[in-house]
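Note sheet for the following structure.
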Amino acid sequence: MYNPISNEFYDQLEVAIQRNIPSTIVYIQDEEKLTIKGIVKTLTMQDGKEFLILKSGEKIQLNCIFSFNGKKHKEE
């Protein structure tokens, strides 16, 4: 089941996009916690799910993000 992100988190992502802030993203993929650094280029919807896309082309589902720039958004 897909759980949408909070408005506060969405606002934080929008600021990072507008200001080209280099970001550190910790997310869960296949039950493994991964960390990636990059600049968020855009947010998009695909098949009813929200994703962020980094300038590197990496695509991460928003509800899988554990923390963004040190701010926790999901419990382990």
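Coordinate-derived values only; no laboratory data. Being a predicted model, the structure only gives us computed values, none of them experimental. Every residue, glycine as well, gets a Cβ built from its backbone with ideal geometry; the counts of neighbours run over all protein chains shown.
Under the rule of at least 5 residues apart or a separate chain, name every residue whose amide H is placed under 5 Å from the amide H of PHE66.
Here VAL26, TYR27, ILE28 satisfy the definition.
Given +1 on the Cβ of Lys and Arg, -1 on the Cβ of Asp and Glu, and no further charges, what dipole in debye does the range 6-48 carry about its Cα centre, rounded to the nearest 20?
The calculated dipole for the range 6-48 is roughly 320 debye.
For the range 20-74, rounded, prolate or oblate, judged on the Cα gyration tensor with a ≥ b ≥ c (square roots of eigenvalues), a/c < 1.5 rounded, else prolate if a/b > b/c?
oblate
If Lys and Arg each add +1 and Asp and Glu each add -1, what is the summed charge of the other residues whose beta carbon sits under 12 Å from the beta carbon of GLN12? List each step's numbers first, then the result.
Working: positive: ARG19, LYS71, LYS72; negative: GLU8, ASP11, GLU14.
Net charge in that neighbourhood comes out at 0.
Once the other residues with Cβ under 12 Å from the Cβ of VAL40 are scored (Lys, Arg +1; Asp, Glu -1), what is the net sum?
That works out to +3.
I want to check the label-to-label distance for TYR10 and MET45. Put each point 7 Å from Cα in the C-beta direction and report it in nm to one decimal.
0.9
Among LYS37/LYS71; LYS33/LYS55; LYS33/LYS74, which pairs are too far apart, with a Cα-Cα distance over 18 Å?
From the list (LYS37/LYS71; LYS33/LYS55; LYS33/LYS74), the Cα-Cα distance tops 18 Å for LYS33/LYS55.
Below 12 angstrom from the Cβ of ASN69, what's the summed charge of the other residues (Lys, Arg +1; Asp, Glu -1)?
Net charge around ASN69: +4.
If amide H atoms are built 1.01 Å from N in the plane of the peptide, which residues on other chains or at least 5 residues away come under 5 Å of the amide H of LYS41?
The list, which skips near neighbours in sequence, is ILE53, LEU54, LYS55.
Could you work out which residue, out of VAL40, VAL15, VAL26, moves most in a Gaussian network model of the chain, that is, has the largest mean-square fluctuation with Cα springs under 10 Å?
VAL15
Percent relative contact order of the chain, based on C-alpha pairs within less than 8 angstrom and at least six residues apart?
Normalised by residue count, the contact order of the chain is 28 percent.
Is there a quick way to get the dipole size of the chain? I mean about its Cα centre, with the Cβ of Lys and Arg at +1 and of Asp and Glu at -1; what is the value in debye to the nearest 20?
Values: 10 positive and 11 negative charges, 75 e Å.
Computed about the Cα centre, the dipole is about 360 debye.
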